[in-house]
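*Asks:* Before we start, here is the structure in question, set down as structure tokens.
Derivation of every value follows stated rules applied to the coordinates shown; laboratory data play no part. No experiment lies behind these values; they were computed from the predicted model shown. Positions of Cβ are backbone-derived with ideal geometry, glycine not excepted, and every protein chain shown enters the neighbour counts.
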Amino acid sequence: MTHIDVLYNRACSVCRAEITHYETSALASGAPLTFQDLNTADLGTWEMTADQAMRRMHARLPDGTIVSGGEAFALIWERLPRYRWLSRIVRVPGIRHLGEFAYNRVAAPWLYRRHKRQMASDAADA
């Protein structure tokens, strides 16, 4: 199975908790995954701005192809033994479209807005 790099927002508490779980699982199983915090990664190699990176989760294949959202999750899950079944399910055409809609229109925008509010609050407190 090919190695993938995952770009996520460690400053987002929800994102951090989920990715920490995946990272722990990947280390325990030897899964071919590397996790990069967008706040410290060289985003030039990802060909995106910090704001673009914050809006969704991204995964990069060895050939440089970058995928986001549901497909990025599917790539992670197919490499983690306890989640392979979920990867297969979310790639079923009807489920895939519903999952992409839920992630792109509900979950990702909500997390982005939540993170931006937290950043503004932290700046105001400083």
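*Asks:* With both partners inside the chain, how many of the DSSP beta bridges are antiparallel, as a percent to the nearest 5?
*Replies:* 55
*Asks:* Would you please name the GluC sites (Glu not before Pro) within the stretch 31-95 that are DSSP coil residues with at most 13 other C-beta atoms within 10 Å of their C-beta?
*Replies:* Answer by residue number: E47.
*Asks:* Dipole magnitude of the stretch 4-125 about its Cα centre, charges +1 at Lys/Arg Cβ and -1 at Asp/Glu Cβ only, in debye to the nearest 20?
*Replies:* 540
*Asks:* Mind sorting M57, M48 by how few other Cβ atoms lie within 10 Å of their own Cβ, fewest first?
*Replies:* M48, M57
*Asks:* Continuing with the same structure: Using the Kyte-Doolittle scale, which helices in the chain average at least 0.0 and also have C-alpha atoms spread 20 Å or more along the helix axis, with helices defined as whole DSSP H runs?
*Replies:* Helices passing the filter in the chain: 13-29.
*Asks:* Also: In the chain, with Lys and Arg counted as +1 and Asp and Glu as -1 at Cβ, which of these residues, M57, N104, A28, has the Cα nearest the positive end of the dipole, that is, farthest along it?
*Replies:* The residue sitting farthest along the positive end of the dipole is N104.
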